[in-house]
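The values are calculated or read from the model by the stated rules, or taken from the named source; none is laboratory data. The shown structure was predicted, so the numbers you read here are calculated from the model rather than taken from an experiment. Counting neighbours? That spans all protein chains shown, and the Cβs are built from the backbone with ideal geometry, glycine included. SASA here: full protein model, heavy atoms, side chains in, ligands and nucleic acids out. Shrake-Rupley method; radii C 1.70, N 1.55, O 1.52, S 1.80 Å.
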Amino acid sequence: MGNSGGSLTTRATGELHGLMREAGFTGIDDTEALAEGWQVTDFADAGQRSLSALVQRTGTPAVMVSFHDSDVGFIEALTPDGVGWEGLLNREMAESYEIPLEHFPIEPAVTGALAWSTAAGLTPDEEAIRHTLTGSALFAEELSSALLVALGLPRAT
């Protein structure tokens, strides 16, 4: 058991893999292009300040989900002007890992997700965000994909 990598979604232009390496991401996989310049890239590991460093370097918003055994997802999102939030995916599984759910309250996560999405120029779906943050799935990656849609990110091109 342990970390099984993560997923980074950003609107950065240019060579994203090099920027990610500079920011402390490792094990960077292929990038999937979404509409409107958004990209999703899987990675093996990220440093404690990797997301912040990447957002500062690119000047674009980003959301990162780090997975624990594909069972739990830890969300971190940030915009260049400092709008950020944190959350947790698959709360039921997180509880079985004895992750303290009180460190990841739902309401601040929903409020933060709405503010981040709006600041990123997206149109969020509050009900879908809430459902994703409180829902459960066999794999946290399923909830992560649903979260991206709920935040208003465009589908793949």
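Restricting Asp45, Asp71 to residues that are open to solvent by less than 50 Å² (accessible area, probe 1.4 Å), touching a Ser or Thr at 6+ places or on another chain (Cβ under 9 Å), on the phi < 0 side of the Ramachandran plot and of a type in the set (Asp, Glu) narrows the list to Asp71.
Here's the yes/no breakdown for (1) surrounded by fewer than 17 Cβ atoms within 10 Å (Cβ to Cβ); (2) at positive phi; (3) not β-branched (Val, Ile, Thr):
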{"site": "Pro108", "(1), (2), (3)": "yes, no, yes"}
{"site": "Thr111", "(1), (2), (3)": "yes, no, no"}
{"site": "Ala115", "(1), (2), (3)": "yes, no, yes"}
{"site": "Ile129", "(1), (2), (3)": "no, no, no"}
{"site": "Ala150", "(1), (2), (3)": "no, no, yes"}
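Considering the stretch 1-29, the residues that are in a loop (DSSP other than H, G, I, E, B) and within 18 Å of Pro154 (Cα to Cα) include one that is most open to solvent (accessible area, probe 1.4 Å), namely Thr13. The one condition from (1) buried (at least 23 other Cβ atoms within 10 Å of the Cβ); (2) within 24 Å of Glu15 (Cα to Cα); (3) of a type in the set (A, V, I, L, M) that Leu122 does not meet is (1). Of Gly14, Gly24, all but one fail to be at positive phi, modelled with pLDDT of 90 or more and not basic (Lys, Arg); the exception is Gly24.
Among residues of the stretch 15-37 that are closer than 15 Å to Gln56 by Cβ and touching a residue at least 12 places away in the same chain (Cβ under 8 Å), those with a Cβ under 9 angstrom from a residue that is polar (S, T, N, Q) and in a loop (DSSP other than H, G, I, E, B), sequence gap 6+ or separate chain, pair up as Gly24/Gln48. Based on this model, can you work out whether Glu107 counts as in a helix (DSSP H, G or I), among the charged types (D, E, K, R) and more than 23 Å from Phe25 (Cβ to Cβ)? For Glu107, the condition - in a helix (DSSP H, G or I), among the charged types (D, E, K, R) and more than 23 Å from Phe25 (Cβ to Cβ) - is met.
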